[in-house]
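Before any comments, here is the structure.
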Amino acid sequence: MKKTIAFVTLISGLLAIGAPADAKEIRIGLITPLSGDVKTFGESVRNAFDIAVSEANAAGGVAGMKIVPVVVDDRNDPTEAANAANLLINQHRVKAIVGSVTSKTTIPVSDVAQTYRIPTITGTATNPKVTVADGRRKDYMFRACYTDSFQGTVMAKFSRETLKAKAAAVLYDASNDYSKGIAEVFRNTFARLGGRVVSYESYGKDDVDFSALLTKIKAAKADVLFLPDYYNKVGLIAKQVSEKGLRVTLVGPDGWDSPELVKVAGKAIEGGYFSNHYSPEDTRPEVVNWVKKYRARHGKTPDALASLGYDASNLLFDAIRKAGSDDPAKIRKALATIKGFKGVTGRFTIDKNGDPIKSAVIIRIENGKQKFLRVVNP
Amino acid sequence: MDALLNPYWIQIFELACVFAVSALGLNIIYGYTGLFSLGHAAFYGIGAYTAAFLMKSYGGDSQAAFLAAVLCGGAAAAAVAALIGLPTMRLTSDYLGIATLGFGVIMKVVFDNADAFLPELGGARGMTGISRMTSLPWALGFLVLSTLVVRNLVHSSYGRALTAIREDETAAGTMGIDVFRCKLAGFTVGCAFAGIAGGLYAHLYAFLHPSNFDFIKSVDVLMIVVIGGLGNMSGTLAAAFGWVFLLEGMRFLLPPDYVELRWVVIPVLLVATMLLRPQGLLGRRELPFLRGGGLQ
Amino acid sequence: MDYFLQQTINGLQIGFVYALIALGYTMVYGVVRLINFAHGDVFMVGAFIGLYAIDRGRLPLPVVFAAAIVGCALLAVVIERVAYRPLRDAPKIAVLITAIGVSFFLEYFTSLNQVFGPNYYSFPRPFEVVSWEIGEVTVTNIQAIIFAVTLSCLVALQYVVYRTKAGKAMRAVSHDHVAAGLMGVNVNLVITFTFGLGAALAGAGGVLYGIAYPQVNTFMGFVPGLKAFTAAVLGGIGSIPGAVLGALIMGQAETMTSAYLSSTYRDGIAFLILILVLLWRPTGIMGSPRADKV
């Protein structure tokens with residue numbers, strides 16, 4: 001008897017989850033790694049999403065509907081991410097999704113979203129295949145960040161033209177999509193602009209000892225060392241660069257953006273340059289308010305992933321407002337035609353591939369702080 | 001009722017079928033032959049990439065081509081297994097484990113850099129553009145077929161030879177069993193199943209990334225085989241389904257603010273299971289249709 | 001030539017760190033025939049203890065080491081009592097799976113915000129880096145400390161194992177735990193002691209690692225643990241000098257592959273060497289072949 005009751009309760013519970021939402025509500029899902037090795041990035045994005053949702057609901061919801069968030073964890077695993085997307089769409093019946101964080105999890109999510117025609121936007125996955133793969137545009141998938149090619153090109157050009165570097169070395173994470181993708185573009189662009197790539201080495205995700213590679217790079221005599229990875233790795237490498245007495249200028253992409261970078265690397269990262277979406281010195285009200293809000297709730301400055309997650313969420317909410325309904329097809333159309341959206345990480349116009357057209361800024365690390373250098377337009 | 005038969009649960013069920021096929025393979029290798037293999041995921045990967053590549057390049061959308069591709073995946077895994085097996089089958093238990101673990105690491109490096117020699121395979125950027133061919137009939141079909149094959153193998157004289165080797169290698173050799181040949185065969189067959197499962201997986205999720213085939217994934221399937229009970233087919237099947245559904249089921253059982261506890265609770269359950277029932281959930285008992293005649 | 005020498009020193013640095021972890025694996029395996037997958041995570045806890053001791057406690061370095069050593073030893077003892085001892089008579093694979101479970105638990109539990117947290121934390125270095133130029137080669141004080149600490153641990157360990165009663169008991173249990181028990185050795189105590197000792201080494205290794213590579217994260221123990229275990233097998237699992245030899249070989253193999261070939265193949269080549277060595281000597285370089293009694 002007890003077993004039957006328990007069983008019936010379980011089934012009812014499951015059925016209840018699948019029940020359609022209240023007419024004045026809209027269910028929006030978030031897929032993010034809340035456990036596993038990139039939990040820290042996943043949490044940044046969740047924090048940003050939470051803030052965006054509570055702001056939207058405080059202002060009366062989107063298109064008159066209250067947002068009901070459904071958050072699922074993908075552990076940064078492609079299979080779990082696909083399961084999570086499936087869960088959100090087929091079990092929770094969400095109308096739109098924000099997610100995921102890394103490219104290897106976002107590509108399967110985009111496939112699922114496309115199959116079931118649910119508009120999805122990622123704040124941070126940079127692989128071009130997220131929105132366009134095998135010659136097909138997945139028109140329900142959008143993103144709020146640059147693709148690999150943009151940043152790789154920006155920094156290669158900057159190194160050649162502004163830093164006047166003749167020889168470049170690249171050190172990237174072979175198992176990280178973001179790192180590998182940008183590294184390839186940098187290498188090709190730098191060579192195309194007449195520079196020599198004297199060293200192109202990779203390391204593994206869990207590596208911490210770069211002595212062998214840095215000794216090799218020192219012998220190759222590079223002017224510039226390109227480090228396309230996240231701030232935690234870059235900080236570690238930078239420290240070893242200075243310990244080995246390597247005299248190079250360090251350059252990198254937006255993965256560098258975090259107060260942790262200077263914390264780990266200290267003086268070693270002084271004089272380094274990286275491309276980013278915005279500068280913290282930016283006086284635009286959106287940026288100032290965002291930083292203040294995030295600090296108030298979480299006690300620290302938001303990193304690039306949080307800011308991008310915030311913009312991705314708001315892009316979606318704006319699209320829902322424009323569409324005026326919770327119909328996924330209408331939301332998709334609204335997302336595809338966004339122009340001049342004022343986000344924290346820049347002014348967005350979404351192009352035909354679902355990727356944003358927006359400028360980048362180049363930041364220099366001076367006296368342990370990020371100093372704005374200049375804007376680069378696409 | 002609609003909520004339970006939605007595509008989400010169906011796909012989870014299909015995933016469980018795929019896992020079960022792979023686990024049946026490892027059960028032959030470790031459960032029946034006693035070969036401690038920590039590289040099962042590598043063979044799963046070989047099958048996955050082979051099948052995906054063949055299907056994507058030559059198969060298009062045809063069901064017949066899909067069948068051929070998956071079987072080729074199994075064959076590729078078997079071929080590599082035979083190659084690896086030749087030198088390593090004479091290593092003893094823990095050392096074989098380390099050697100297979102090493103092989104798994106080597107394969108992961110190969111997968112990560114596969115795009116250097118075959119750009120289609122994507123390397124660490126992942127392989128996309130695989131058609132979604134694994135439907136419920138395929139998944140169930142392969143599972144049923146695999147179970148039948150394994151059952152017949154286990155209850156044949158071949159299977160008894162493998163069990164004899166597991167129990168006491170020296171005695172088995174004295175009894176006239178060609179120990180090396182049988183071990184190699186057991187290993188190859190088990191890895192073939194892994195390859196087939198890999199091919200099915202590739203066409204279920206339509207995306208392959210080397211991180212799907214690392215050491216941790218080998219550990220996952222080993223856990224399934226051990227929890228089910230070594231050398232116990234019913235146990236393997238039950239554990240495979242149990243594992244997949246537990247992982248997803250935990251999403252519902254945990255309150256929304258505690259989603260990250262999923263992977264804290266699971267190892268606790270694992271340790272508890274081992275402490276309470278170290279011989280595996282089903283020990284040596286098999287379901288009726290899986291029992292052969294005569295001695296177990 | 002200088003390039004080669006510099007790379008050799010780099011290889012020694014990472015090799016010695018692996019050695020400290022490998023010693024713990026080999027000792028535990030020698031006594032209970034268990035591959036303690038949780039060992040790498042005990043090492044991680046040691047690094048975090050070091051982090052808190054230096055960062056919050058502002059304790060002097062020797063005390064930091066002591067804290068990590070004691071903390072890790074306690075942790076290992078608890079794990080042994082709770083998770084491994086009940087399975088002493090169960091099939092070996094059950095303990096192995098339990099060890100894996102403990103490993104996952106340590107990694108994920110400590111990554112919760114209420115425990116250590118999921119971030120990559122910078123490990124504060126309690127002293128400045130000093131480099132000495134010997135010819136064209138650079139050696140840092142960090143490397144010197146790693147060499148010194150590891151060598152002293154090794155010497156101390158050899159002393160304990162071969163010159164003390166406790167060590168004798170360990171060797172007896174390793175040989176034949178039934179006979180040792182019959183001879184009056186408290187087998188349970190010896191096993192617990194072995195776990196504690198191995199973990200103490202891992203704890204010291206964790207602090208050293210934090211100093212050398214100043215970033216800690218709850219998943220950091222897994223890969224070094226795996227490599228150290230591989231090194232222990234390479235050298236002959238159960239053999240203390242073997243573990244160190246294996247670790248040094250792994251360190252050199254990795255470094256030289258990066259230095260002269262390409263870092264992409266680094267892990268692959270290290271394991272390839274392992275497999276080749278095992279084919280030549282199936283119980284590792286210094287391992288003793290075990291006779292199977294029929």
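The values are calculated or read from the model by the stated rules, or taken from the named source; none is laboratory data. Computed from a predicted structure; not experimentally measured. With ideal geometry, Cβ positions are generated from the backbone for all residues, glycine too; neighbour counts draw on all protein chains shown. Side chains included, ligands, DNA and RNA excluded: accessible areas come from the protein's heavy atoms. Shrake-Rupley method; radii C 1.70, N 1.55, O 1.52, S 1.80 Å.
Placing dummy labels 7 Å off each Cα toward the beta-carbon, the span from A:Lys66 to A:Lys221 is 7.0 nm.
Fully extending the segment from B:Asp168 to B:Arg284 would add 40.0 nm, taking 0.36 nm per residue of separation and subtracting the current Cα-Cα distance.
In this structure, C:Leu61 and A:Glu55 have a Cβ-Cβ separation that, at R0 = 41 Å, corresponds to a calculated FRET efficiency of about 0.30. Rounded if a/c is under 1.5, else prolate if a/b beats b/c, else oblate: with a ≥ b ≥ c from the C-alpha gyration tensor eigenvalues square-rooted, which is the protein assembly as shown? Because a/c hits 1.5 or more and a/b fails to exceed b/c, the protein assembly as shown counts as oblate. For chain A, the alpha carbon positions stretch 74, 48, 44 Å along the principal axes, listed from largest to smallest.
Peptides A:250-261, B:262-273 ranked from most to least packed, by the mean per-residue count of other Cβ atoms within 10 Å: A:250-261, B:262-273.
Of the cross-linked pairs A:Lys216/A:Lys300; A:Lys180/A:Lys216; B:Lys183/C:Lys168; A:Lys205/A:Lys263, those separated by over 28 Å at the C-alpha level are A:Lys216/A:Lys300; B:Lys183/C:Lys168.
Other residues with beta-carbon under 10 Å from the beta-carbon of A:Asp207 carry, at +1 per Lys or Arg and -1 per Asp or Glu, a net charge of -2.
Ordered from highest to lowest accessible area with the whole protein assembly present and a 1.4 Å probe, A:Thr337, A:Thr102, C:Thr150 read as A:Thr337, A:Thr102, C:Thr150. Amide H contacts of A:Val248: none lie under 5 Å away among residues 5 or more positions distant or on a separate chain (H built 1.01 Å from N in the peptide plane; Pro and chain starts excluded). Placing C:Ile249, A:Ile237 in order of accessible area, with the largest value first and a 1.4 Å probe, yields C:Ile249, A:Ile237. Note on C:Arg163 and B:Phe13: their simple-model spin labels are 6.9 nm apart, each label 7 Å out from Cα toward Cβ. Taking B:Met274, B:Met233, B:Met89 in turn, the Gaussian network model of chain B (Cα-Cα springs below 10 Å) assigns the largest fluctuation to B:Met274. Taken about its Cα centre, chain A carries a charge dipole of about 680 debye when Lys and Arg each add +1 at the Cβ and Asp and Glu each add -1 at the Cβ.
Evaluate E = 1/(1 + (r/R0)^6) for C:Arg88 and A:Arg247, where r is the Cβ-Cβ distance and R0 equals 56 Å; express this FRET efficiency to the nearest 0.05.
Efficiency, from the Cβ-Cβ distance: 0.45.
Across the range A:149-276, the relative contact order, built from alpha-carbon pairs under 8 Å that are at least six residues apart, equals 26 percent. Estimated from the Cβ-Cβ distance and a Förster radius of 30 angstrom, the FRET efficiency linking C:Val77 and B:Val268 is about 0.95. Between rounded, prolate and oblate, where does the range A:149-276 land on the alpha carbon gyration tensor, with a ≥ b ≥ c its root eigenvalues, rounded for a/c under 1.5, else prolate if a/b exceeds b/c? Here the range A:149-276 falls in the rounded category. Atom-type composition of the exposed protein surface of the protein assembly as shown places 62 percent of the accessible area on carbon and sulfur (1.4 angstrom probe).
Rounded if a/c is under 1.5, else prolate if a/b beats b/c, else oblate: with a ≥ b ≥ c from the C-alpha gyration tensor eigenvalues square-rooted, which is the range C:138-294? The shape class here is oblate.
Packing around the peptides B:249-255, B:279-285, A:270-276, taken as the average count of other Cβ atoms within 10 Å per residue, puts them in this order, highest first: A:270-276, B:279-285, B:249-255.
A simple rule links phi to the HN-Hα coupling: the Karplus curve 6.51 cos²θ - 1.76 cosθ + 1.60 with θ = phi - 60°, which for the range A:217-227 gives 5, 4, 5, 7, 6, 8, 8, 10, 10, 8, 10 Hz, with x for Gly and Pro.
Cα centroid separation, the range B:155-233 to the range C:241-264: 32 Å. Inter-chain neighbour count for A:191-203: the average number of beta-carbon atoms from partner chains within 10 Å of each residue's beta-carbon is 2. Across the range A:322-333, rounded Karplus estimates of 3J(HN,Hα) from the backbone phi angles (6.51 cos²θ - 1.76 cosθ + 1.60, θ = phi - 60°) give 5, 6, x, 7, 9, 6, x, 5, 5, 5, 4, 4 Hz, Gly and Pro being marked x.
Peptide B:247-260 shows a mean partner chain C-beta count of 4 within 10 Å per residue C-beta. Between B:Leu276 and B:Leu153, full extension at 0.36 nm per residue minus the direct alpha carbon distance yields a gain of 41.2 nm. Peptide A:80-87 is shielded by partner chain Cβ atoms: per residue, an average of 5 of them sit within 10 Å of its Cβ. Remark: chain B is approximated by an ellipsoid whose semi-axes, taken from the C-alpha gyration tensor as √(5λ), come to 29, 24, 19 Å, largest first. Projecting the Cα atoms of A:Ala174, A:Ala219, A:Ser275 onto the charge dipole of the range A:149-276 (Cβ charges, centred on the Cα centre) puts A:Ala219 farthest toward the positive pole.
Helix content alone sets the calculated 222 nm mean residue ellipticity of chain C: runs of n ≥ 4 DSSP H residues at -39500 (n - 2.57) each, divided across all residues, give -23500 deg cm²/dmol.
Only lysines eight or more places from A:Lys333 in sequence, or on another chain, were considered; those with a Cα closer than 22 Å are A:Lys24, A:Lys66, A:Lys95, A:Lys129, A:Lys138, A:Lys322, A:Lys342, A:Lys352, A:Lys358. Only protein heavy atoms count here; under a 1.4 Å probe, B:Asp214 has an accessible surface of about 40 Å².
Each peptide among B:64-74, A:50-60 gets the average number of other Cβ atoms lying within 10 Å of its residues, and from highest to lowest they stand as B:64-74, A:50-60. Compared with the direct C-alpha span, the chain from A:Ala329 to A:Phe372 gains 11.5 nm at full extension, assuming 0.36 nm per residue. With all protein chains kept in place, the per residue accessible area of the range C:148-198 amounts to 59 square angstrom at a probe of 1.4 angstrom. Computed from label points 7 Å out along Cα-Cβ, the spacing between B:Thr92 and B:Leu5 is 5.6 nm. Report, in whole Å, the centroid distance computed from the Cα atoms of the range A:21-73 and the range C:82-105. Cα centroid of the range A:21-73 versus Cα centroid of the range C:82-105: 40 Å apart.
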